[in-house]
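Derivation of every value follows stated rules applied to the coordinates shown; laboratory data play no part. Please read all numbers here as calculations on a predicted model, not as lab measurements. Backbone-built Cβ (ideal geometry, glycine too); neighbour counts: all protein chains shown.
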Amino acid sequence: MAEPLIRMVNIRKSYGRVQALVDANFHVAEREIVGLLGDNGAGKSTLIKVLSGAVPLTSGEIYIRGKRVELKSTGDAIKHGIETIYQDSALVTQLSIARNLFLGREPLKGPRFLNRMDHETMNSVAAELLREVGITKNIPPTTPIGSLSGGERQAVAIARAMHFDSDLIILDEPTNNLGVAETQGVLSFVRNARDSGHSCIFIAHNIHHVFQVVDRIVVMRRGKVVADDIDPKKSTVEAVERVITGMSEHEIKAAVS
Amino acid sequence: MPEGRILDSNSLAERLIAKPELGPLILLIIEIGVFWSINHDFLSAANISNTLAFTVELGLIALAMTLLMTSGEFDLSVGSVFGFSPVLMWTLYNGGVTSLEVGFLAALVAAGVIGAVNGRFVTQLRIPSFLVTLGMLLVVRGTALFITDGFPQRTWSAEGSWLADILVGDFFVGPFRIYASLFWFIAAVLVLGYLLTGSRFGNWVQAAGGNANAARARGVKVNSVKVRLFILSSMMAAFAGVISSLRTSAANPNSGTGYELEVIAMVVIGGTALTGGRGTIIGTVLGILILRVMRNGIVLVGVPGLAYNIFIGAIILGMMALHSWLERRHQAGT
């Protein structure tokens, strides 16, 4: 088997006496959308925080394309091509789409000491990216994020990750609080991202959304990965729900095969 | 570069209404119109010259405060730094320790240190800027009073000093008496206006105030941005204090008392959000003019000066209501 894009081996994370992750093993292949499921407190968020550099792991190893890496900060993770999109905290609502897209990596023009932002480039690239990610409505790139709908905000965050060549885009509950049409929009943005060569981890409470878009489902329970190769085409929502709520390994095998 | 604020707005009127500067601009025009209709001397050359001289001194602080407030913080110690800095400069000079010019530089550096301490306390110890800068206000004011025994410093007429010439030298353009400080103010408007809206640093300032976590996640050094703005605001207060001292040939340890609130009022009246994320230098210039014109006009039309604060308070409340209404429209995307 080819070396996966991301491989996490025997990850442990404890907060004092609480074991949030117990020898969790997890991987994501190139151009793969992985659905990460689990009940509240199962360890999904902790696993993602470790992978995005937001919290340090207690023990374990992380490999990117077979090379061991240390992710000590979100900046480290971004440098290694891992971009995490949290539902509400990813964007600055007062700033325009273009300013958000390039935040922290604004293109400059003119003499360097002037520190002058290249608005023209930012706006034209932003308009192009909005089309690429699948927004068909004509939204000027100078529109502030505060005027966009929840789905459009997700699209901007995904577009940003795509533009800066993130290999792995982690979406934390991207369809929460979205209407039906908006949700379908976000799911198609995720498919577009995969089709243009990016891998994704998709976390959602709504299993139906996960089934529509992912290539593989991973289920966590009590800090462990209890199933990591569920094919959504061959399984059912009910079977996966049973895995999430807890069954014996024998029952899991019976349910997913 | 101006940015469209409204999603599907094509009409010029809608775009104008969405600008936070429109309200203050209309208020200023009404103010000037009312005062002029009651007393035509209001627009006389002498009155305009007098109003401008003091306006730019407070204005310099308000401009720096605009950036600081856009980043989500504010500084209550600027009034005390305004009083302390000239006291320090004259004390060094009168004591024969330094020349006036070096004393001026020392005052600026001391203000920079005060700003850096404010910034560090707020960003590293995560204490709200209200408490940190309130504490600093007392420390700085107390220091100014202590080193002077509460008495004004001896100042000589600074005429002839090149420092005084470039800071407050005056000349006449027709009937208007223009102080050099006006050019410093205009330069600060251009530089800080560009910094806020045209530069990469400005994008970080707005992001730091709008959503600090999102900015950090993108690699923006939010704490460093805020510390630099605290330093800027403090140094600008020192600069304004020295200008004021040279112009009036006075260095009183109590000068600048209450300026912090007037400066913050100027900034919010102009449309900068007290909670951060949105700021406008043009708006602040309008806010500065609104308050100074009010102070001057009230006296000229014969309202007792003691009633000044009633009008200022009413303006602040009215403008806040207007900005809040615009903000809700803006958030709703209408």
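Once you have the alpha carbon radius of gyration of chain A, what is it after dividing by 2.2 N^0.38 Å, with N set to its residue count? All intermediate terms of the calculation are to be shown ahead of the outcome.
Values: Rg = 19.0 Å, N = 257, 2.2 N^0.38 = 18.1 Å.
Its radius of gyration relative to the 2.2 N^0.38 Å reference: 1.05.
Could you tally the net charge around B:Met319, taking each other residue with its Cβ under 13 Å from the Cβ of B:Met319, Lys/Arg +1 and Asp/Glu -1? Kindly include the intermediate steps, with their values, before the conclusion.
On the way: positive: none; negative: B:Glu21, B:Glu31, B:Glu327.
Spelling it out: positives minus negatives among the neighbours equals -3.
Remind me, what semi-axes does segment A:76-215 give for its equivalent ellipsoid, largest first in whole Å, using sqrt of 5 times each Cα gyration tensor eigenvalue? Present the calculation step by step, with values, prior to reporting the outcome.
Values: eigenvalues 138, 55, 33 Å².
Values for segment A:76-215, descending: 26, 17, 13 Å.
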Check: What net charge do the residues around A:Glu106 carry, taking every other residue with its C-beta under 9 Å from that of A:Glu106, with Lys and Arg at +1 and Asp and Glu at -1?
Finding: +2
Check: Among the listed pairs A:Lys72/A:Lys109; A:Lys49/A:Lys79; A:Lys109/B:Lys19; A:Lys44/A:Lys137; A:Lys79/A:Lys224; A:Lys44/A:Lys79, which are separated by more than 24 Å between their Cα atoms?
Finding: A:Lys72/A:Lys109; A:Lys109/B:Lys19; A:Lys44/A:Lys137; A:Lys79/A:Lys224
Next item on the list: Identify, among B:Gly270, B:Ser245, B:Phe121, the residue whose Cα sits farthest towards the positive end of the charge dipole of segment B:56-282, taking +1 on the Cβ of Lys and Arg and -1 on the Cβ of Asp and Glu, with the dipole about the Cα centre.
Entry: B:Phe121
Notebook entry, point to check: What FRET efficiency do you get for A:Arg216 and B:Asn213 if R0 is 51 Å and r is their Cβ-Cβ distance, rounded to the nearest 0.05?
Noted result: 0.95
Next item on the list: Taking 7 Å along the Cα-to-C-beta vector as the label spot, tell me the B:Val299-B:Phe311 distance in nanometres, rounded to one decimal.
Entry: 1.2 nm
Notebook entry, point to check: Quick one: longest stretch of chain B between exposed loop trypsin sites (Lys or Arg not before Pro), exposed meaning at most 12 other C-beta atoms within 10 Å and loop per DSSP?
Noted result: B:155-334
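Answer rounded, prolate or oblate for segment B:8-89, using the Cα gyration tensor with square roots of eigenvalues a ≥ b ≥ c: rounded when a/c is under 1.5, else prolate when a/b is larger than b/c, else oblate.
Values: a/c = 3.73, a/b = 1.19, b/c = 3.13.
It comes out oblate by the Cα gyration axes.
Do any chymotrypsin sites (Phe, Trp or Tyr not before Pro) in segment B:48-90 lie in a DSSP loop with no more than 15 other beta carbon atoms within 10 Å, and if so, which?
Numbers: sites: B:Phe54, B:Phe74, B:Phe82, B:Phe84, B:Trp90; in loops: B:Phe74.
Answer in residue order: no site qualifies.
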Check: Given a cut-off of 23 Å, what percent of all Cα-Cα pairs of segment A:1-150 lie beyond it?
Finding: 52 percent
Note to self: Order these by the 10 Å Cβ neighbour count, fewest first: B:Phe176, A:Phe202.
What the structure shows: B:Phe176, A:Phe202
Next item on the list: Determine the percent antiparallel among the DSSP beta bridges restricted to the protein assembly as shown, to the nearest 5.
Entry: 60 percent
Note to self: When a/c reaches 1.5 or more, the comparison of a/b and b/c decides; with that in mind, is segment B:86-125 rounded, prolate or oblate per its Cα gyration tensor?
What the structure shows: prolate
Next item on the list: Mind giving me the nanometre distance, one decimal, between the label points for A:Val237 and B:Phe151, set 7 Å out from Cα along Cα→Cβ?
Entry: 8.6 nm
Margin query: Can you compute the equivalent ellipsoid semi-axes for segment B:56-282, i.e. the square root of 5 times each eigenvalue of the Cα gyration tensor, sorted largest first and rounded to whole Å?
Written below: 30, 21, 14
Check: Once Rh is set to the Kirkwood radius over Cα pairs, what Stokes-Einstein translational diffusion coefficient, in µm²/s, holds for the protein assembly as shown at a temperature of 4 °C and a viscosity of 1.567 mPa s?
Finding: 48 µm²/s
Note to self: Please compute, over every Cα-Cα pair in segment B:48-161, the percentage with a separation greater than 16 angstrom.
What the structure shows: 66 percent
Check: Long-range amide H contacts for A:Gly38: which residues qualify at under 5 Å (H placed 1.01 Å from N, peptide plane, sequence gap of 5 or more or a different chain)?
Finding: A:Met220
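Taking the Cα centre of chain A as origin, sum charge times position over the Cβ atoms of Lys and Arg (+1) and Asp and Glu (-1), and report the length of that vector in debye to the nearest 20.
Values: 31 positive and 30 negative charges, 114 e Å.
The calculation lands at about 540 debye.
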Next item on the list: Please give the contour-minus-distance gain from B:Ile30 to B:Leu131: 0.36 nm per residue of separation, less the Cα-Cα distance, rounded to one decimal in nm.
Entry: 32.6 nm
Next item on the list: Mind checking which aspartates and glutamates have their Cα closer than 17 Å to the Cα of A:Lys13? Skip sequence neighbours fewer than 8 apart in that chain.
Entry: A:Asp23, A:Glu61, A:Glu70
Check: Put a dot 7 Å past each Cα toward the Cβ at B:Met320 and B:Val97; how far apart are the dots in nm?
Finding: 4.1 nm
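For chain A, give me the percentage of DSSP beta bridges that are antiparallel, rounded to the nearest 5 percent. Can you show the working numbers first?
Values: 21 of 39 bridges.
Approximately 55 percent, going by the DSSP bridge assignments.
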Notebook entry, point to check: R0 = 56 Å: FRET efficiency of A:Asn10 with B:Glu14, Cβ-based, nearest 0.05?
Noted result: 0.45
Check: Hey, what number do you get for the protein assembly as shown at 222 nm if only DSSP H runs of n ≥ 4 count, each worth -39500 (n - 2.57), divided across all residues, to the nearest 500?
Finding: -17500 deg cm²/dmol
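Could you give the size of the charge dipole of the protein assembly as shown about its Cα centre, using +1 on the Cβ of each K and R and -1 on the Cβ of each D and E, expressed in debye and rounded to the nearest 20? Present the calculation step by step, with values, prior to reporting the outcome.
Values: 51 positive and 47 negative charges, 167 e Å.
Roughly 800 debye for the protein assembly as shown.
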